[in-house]
Amino acid sequence: MRIGITCYPSYGGSGVVGAELGIELAKRGHEIHFISYAPPMRLDDGGQCRERIHFHAVDMLSYPLFEYPPYTDALASKLFEVATAEQLDLIHVHYAIPHSVSAYLAREMLKPTRYLPVVTTLHGTDITLVGRDASFLPITRFGIEQSDAVTAISNYLRDATHETFCTGCDIEVIYNFIDADYYRRAPNEAVRRELAPRGERIILHVSTFRPIKRIGDCIRVLAKMKELETGSESQLRARLVMCGDGPERAEAEALAAGLGVADQVSFVGKQPQSRIREYLSVADLLLLPSQSESFGLTALEAMACEVPVIATRVGGIPEVVEDGSCGFLFEIGDVDRMAKAALNVLRDDAERKRLGAQGREIAISNFTTDKIIPQYEQLYERLIEEWADRHDRP
Ligand code: GMT
């Protein structure tokens, strides 16, 4: 199949999933055309199937009249152009805003010639935060309703979409996936020493540092752990590695200083995926205290690397992280309980091993590429077949 994929190319889970889906499809022989304003970050991981992966940049004319350049239109034009030139069979967009509407426009422009099916995958804040805002709600609903197929990355997100946008619309849940050969525990002592030079236990957090991630709670958990440990004979040494960047970073750095734990926290900035994998391979615990999370891809990556997860019981996280089996889930902001659980996990090697092994088992049983990618392929085949001989909707 010849598939066009549009996603946000930079930081963030939806871009990661869009890019990795393209790479996986190319490995299976499909011709993949990414259409966005920059190449998706993970495209370099394409390896030997690079010849089947193409990137088309959306050109944006800069003009003084445009205080807000109309990206939706420019993307629609590019989708139309690429679909025509490359004879695309289908367009698959990740994150509804504004991609669904751009794809819809491209499909309408192409209609006199042929029908180009559009798939929208919903990821998170396109439904739970941004999309439901009054300024976007009607157009998000329209984009969803006009897509030929809509998928959501968890049952939670499907239900949230039904609740907010369209009770009756057909949404297929296709979970996010993991390449379990790429994400596996392969500890590198040099990396461990670099992150924890005094042999500390490593607590890792990876995110976009947006308010929804509640990164301050990572700092508060560490401070609480320190308080609980005060006076104990064999004090546990822990280091919090904060991987990523975003609007909440400065405040979190100040909080660490204010709570007296700055010397135990490393802010390592945005890192390429190859580096994150190395961090996961030496981490002893992953902390994900989000306010909202439709899936929690980082948690899945950690589980595949046998890292226990402490997270909030929100959104789609319980569909990925089984409480008590591969980690522990708590209410939003319950830093006291998270700290106690973190201490237990970090102190007990056998328990950490048990949680890690279960995490890998769950990741392999439910979320590997060989289980998930065929679900997308079947969906594409179904749509292409359905529309093959039709030039317009009934
Ligand atoms: O929605 C966001 O804030 C970002 C979004 C993205 O586009 O990066 O992340 C969402 O998609 C990821 C991949 O499917 C999920 O793992 C994240 O849980 C989800 N984020 C939220 O729901 C906050």
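Of the set (1) away from the ligand (no atom under 16 Å from the Cβ); (2) open to solvent by less than 70 Å² (accessible area, probe 1.4 Å); (3) not assigned by TED's automatic domain parsing to the domain that holds Pro272, all apply to Asp170 but (2).
State whether one or more residues within segment 76-96 are within 16 Å of the ligand (Cβ to nearest atom), in contact with a Phe, Trp or Tyr (Cβ under 8 Å, 6 or more places away or on another chain), assigned by TED's automatic domain parsing to the domain that holds Glu108 and open to solvent by less than 20 Å² (accessible area, probe 1.4 Å). Yes, that holds for at least one residue. The single condition among (1) more than 13 Å from the ligand (Cβ to nearest atom); (2) assigned to a helix (DSSP H, G or I) that Val150 does not meet is (2). Condition check for Phe165 on (1) surrounded by fewer than 21 Cβ atoms within 10 Å (Cβ to Cβ); (2) modelled with pLDDT under 95: one failure, at (1). In contact (Cβ under 8 Å) with a residue 60 or more places away in the chain, surrounded by fewer than 24 Cβ atoms within 10 Å (Cβ to Cβ), within 25 Å of Ile171 (Cα to Cα) and not small (Gly, Ala, Ser) - does that describe any residue in segment 341-364? Yes; the residues of segment 341-364 include at least one that is in contact (Cβ under 8 Å) with a residue 60 or more places away in the chain, surrounded by fewer than 24 Cβ atoms within 10 Å (Cβ to Cβ), within 25 Å of Ile171 (Cα to Cα) and not small (Gly, Ala, Ser).
When residues in segment 103-124 are screened for being part of a loop (DSSP other than H, G, I, E, B) and within 24 Å of the chain's Cα centre (by Cα), 2 of them pass.
For Ile384, the stated conditions do not hold, so it cannot be described as open to solvent by less than 10 Å² (accessible area, probe 1.4 Å) and closer than 19 Å to His92 by Cβ. Restricted to strands (runs of 3 or more DSSP E) entirely inside segment 163-282, those with at least 1 residues that are free of Cβ contacts under 8 Å to residues at least 60 places away in the same chain are 171-173, 238-244, 265-269.
I need a count of the residues in segment 173-203 that are open to solvent by less than 30 Å² (accessible area, probe 1.4 Å) and within 16 Å of the ligand (Cβ to nearest atom).
5
Residues that are open to solvent by 10 Å² or more (accessible area, probe 1.4 Å) and within 13 Å of the ligand (Cβ to nearest atom) do not occur anywhere in segment 101-118.
Residues of segment 233-270 being at positive phi, surrounded by fewer than 16 Cβ atoms within 10 Å (Cβ to Cβ) and within 19 Å of the chain's Cα centre (by Cα), which ones? Selection gives Gly269 alone.
Table: residues versus (1) more than 14 Å from the ligand (Cβ to nearest atom); (2) among the hydrophobic types (A, V, I, L, M, F, W, C); (3) at pLDDT below 95; (4) assigned to a loop (DSSP other than H, G, I, E, B).
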site: Phe295; (1), (2), (3), (4): no, yes, no, yes
site: Glu301; (1), (2), (3), (4): no, no, no, no
site: Ile332; (1), (2), (3), (4): no, yes, no, yes
site: Gln358; (1), (2), (3), (4): yes, no, no, no
site: Ala363; (1), (2), (3), (4): no, yes, no, no
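Any residue at all in segment 28-40 that is within 16 Å of the ligand (Cβ to nearest atom) and either open to solvent by 50 Å² or more (accessible area, probe 1.4 Å) or under 16 Å from the mean Cα position of the chain (by Cα) (or both)? Yes - at least one qualifying residue is present in segment 28-40. Would segment 306-329 turn up any residue that is touching a His at 6+ places or on another chain (Cβ under 7 Å) and within 16 Å of the ligand (Cβ to nearest atom)? For segment 306-329, residues touching a His at 6+ places or on another chain (Cβ under 7 Å) and within 16 Å of the ligand (Cβ to nearest atom): absent.
In summary, Ser207 fulfils each of the numbered conditions (1) within 23 Å of Glu253 (Cβ to Cβ); (2) surrounded by fewer than 20 Cβ atoms within 10 Å (Cβ to Cβ); (3) of a type in the set (S, T, N, Q) with the single exception of condition (2).
The set of residues from segment 1-40 being assigned to a loop (DSSP other than H, G, I, E, B) and among the basic types (Lys, Arg) comprises just one member, Arg28.
The values are calculated or read from the model by the stated rules, or taken from the named source; none is laboratory data. These figures come from a predicted structure and were not determined experimentally. FYI the Cβ positions are ideal-geometry reconstructions off the backbone, even for glycines, and counts take in every protein chain you see. Only protein heavy atoms, including side chains, enter the accessible area calculation; ligands, DNA and RNA are left aside. Shrake-Rupley method; radii C 1.70, N 1.55, O 1.52, S 1.80 Å.
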